[in-house]
1. Considering only region B:64-73, state which residues are surrounded by fewer than 11 Cβ atoms within 10 Å (Cβ to Cβ) and aliphatic (A, V, I, L, M).
2. So which residues in region B:242-267 are assigned to a loop (DSSP other than H, G, I, E, B) and more than 14 Å from B:Val168 (Cβ to Cβ)?
3. Based on what the data block shows, is A:Arg104 basic (Lys, Arg) and within 8 Å of chain B (Cβ to nearest Cβ)?
4. Filter region B:182-197 for residues that are open to solvent by less than 40 Å² (accessible area, probe 1.4 Å), of a type in the set (S, T, N, Q) and in contact with a Ser or Thr (Cβ under 9 Å, 6 or more places away or on another chain) and give the result.
5. If a residue has to be without any contact (Cβ under 8 Å) to a residue 40 or more places away in the chain, touching a Lys or Arg at 6+ places or on another chain (Cβ under 8 Å) and in a loop (DSSP other than H, G, I, E, B) to count, how many in region B:194-209 make the cut?
6. Identify the residue in region A:2-24 that is at the interface with chain B (Cβ under 8 Å from one of its Cβ atoms) and under 21 Å from A:Gln161 (Cα atoms) and, among all such residues, is nearest to the chain's Cα centre (by Cα).
7. If I filter region A:119-145 down to residues being open to solvent by 50 Å² or more (accessible area, probe 1.4 Å) and within 17 Å of the chain's Cα centre (by Cα), which single residue comes out as nearest to the other protein chains (Cβ to nearest Cβ)?
8. Of everything in region A:27-39, what is within 7 Å of another protein chain (Cβ to nearest Cβ) and in contact (Cβ under 8 Å) with a residue 12 or more places away in the chain? Give them in sequence order.
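The values are calculated or read from the model by the stated rules, or taken from the named source; none is laboratory data. As the structure is a computational prediction, the values presented were derived from the model and not from experiment. Positions of Cβ are backbone-derived with ideal geometry, glycine not excepted, and every protein chain shown enters the neighbour counts. For accessibility, only protein heavy atoms count, side chains too; no ligands or nucleic acids. Shrake-Rupley method; radii C 1.70, N 1.55, O 1.52, S 1.80 Å.
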Amino acid sequence: MGYRAENLLSLLKAATPMILGVLGVIFLALPLRLFEGWAPTPIVPLVVVFFWSVYAPEFLPSVSVFFIGVLQDLLTGGPLGLWAAVYLATQFIVMSQRSYFMGREQKVVWLGFALATAGASLMLWLVMSLMSGALLPVGSLLAQMAATVLIYPLFGMVFGQLHRRVLVEG
Amino acid sequence: MEFLGQDKREGLGRRANSRFVLLLLILVSTLLLLSSLYSAEASVFKKAREGVIDAAAPVLQHLSAPIAWFNDLVGGVGDYFNVLEQNKALREENAELRQWMNEALELRKVVAAYEGLQSYQAPPEADPVDAFVIGEANDAFARSMIVNAGRSKNVESGQAVVGDKGLVGHIVHTGSKASRVLLLTDIQSRVPVYIEDTGLEGILVGNTRARPVIAITESADVIEVTPGQRVLTSGAGGVLPRGLPVGVIDSEKSGDILVDLFADYAETRMVRILNYEFPAVDEGAVTETQDGEAEEAPAPAEG
């Protein structure tokens, strides 16, 4: 019993980043309408992907990232594979820059996240413009990405505590 | 289950392996993207979308209720501060509506007289299904909502969805208990419309902005529209019924006619899905129908 419970717990711990990513996707599909629809909903899965790619990629395998992205594509009705490609590209770039981020100040990591978000935005905009055959307005995309960058410190702190105290030590 | 835990973290060659998988998955996503670019929607993908909508529906339904409650609460606080102004506006609107009511009652009599004529054939009526908005794509480019009615209530792709103010969009994917509504502002949205009093037919094209534009389909002349003219669905293409209110002309900017939508997507909580079937045309009735249409659409010279 004890052994099985422990196993279950470790499984749950290993799956936590993915579960958070899935929750972030559901968050994106809810009719939140923050501030009567004026504030865009932050893209929490992007924070999840970035955070665990920097600090502990082994907790968020690419398969999970792919799953989160495809789920978001299916649920929000966008072209299939778009968000999966964006998240995976983010993970790829972040993991190649990992050695730079390790042990840096939070501010530097935040800046890194802003850059990753800008890259993701550019990719999204290019693909969607290509698909619709016209250059799309960037206003709402920039607003949503700005909201995502703004919430990063808060989520980064919470995820950091969760990762250190529960997933690794607990 | 050890492989999912931390024990294998330090394993040799794990990094290389994971990079390979990562690149492989990037390739897979790109291929998926290209395939959706190439063929609009394969049936496998469509099934997957419908399955995900169905699976997510109970979760969304349970979570959207407290969100609606909270938004009501916040909105209620705002209302409290401008209750006097609202009262005044409502009184004015009420007076105006009373006049409309009288006019409508008169018209009802006239219509009843016409319906009493022997040759009158009632047009097919829409069979509405009411549904709540339980989900919404909070995406910069994809604009859609998820409503809690699906195939079990005879909801099908293509059906019009209206809110309390006007057209909201149309159904694109149907699960068994929930469906996706493509909003008029989505880049994929194309709705045939006409501009009242001008006889101008066009297609309302979504572009992710709050105000979609009209692409005029049949007119060689200079197009003149005035802000405030109503825009209604034209029924062309035989998907959406004719005459659903869409919005009013907002302005004309560098050849684009912007439409101010009646539907307020930040306020849309409940919608009505119109299960409308176009009347089948039988051979004998063709000439009659054509005459009817000619009368309905006035010549541009008139407007």
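1. Filtering region B:64-73 for residues surrounded by fewer than 11 Cβ atoms within 10 Å (Cβ to Cβ) gives B:66, B:69, B:73.
Listed by number, the list holds a single entry, B:Leu73.
2. Narrowing region B:242-267 to residues assigned to a loop (DSSP other than H, G, I, E, B): B:242-244, B:254-255, B:262-267.
Those that are assigned to a loop (DSSP other than H, G, I, E, B) and more than 14 Å from B:Val168 (Cβ to Cβ): B:Arg242, B:Gly243, B:Ser254, B:Gly255.
3. Values: basic (Lys, Arg): yes; within 8 Å of chain B (Cβ to nearest Cβ): no.
Against the criterion (basic (Lys, Arg) and within 8 Å of chain B (Cβ to nearest Cβ)), A:Arg104 does not qualify.
4. B:Thr185
5. The total comes to 1.
6. Applying the filter and picking the extreme gives A:Ala15.
7. Looking at the filtered set, the residue picked out is A:Leu142.
8. A:Leu28, A:Ala29
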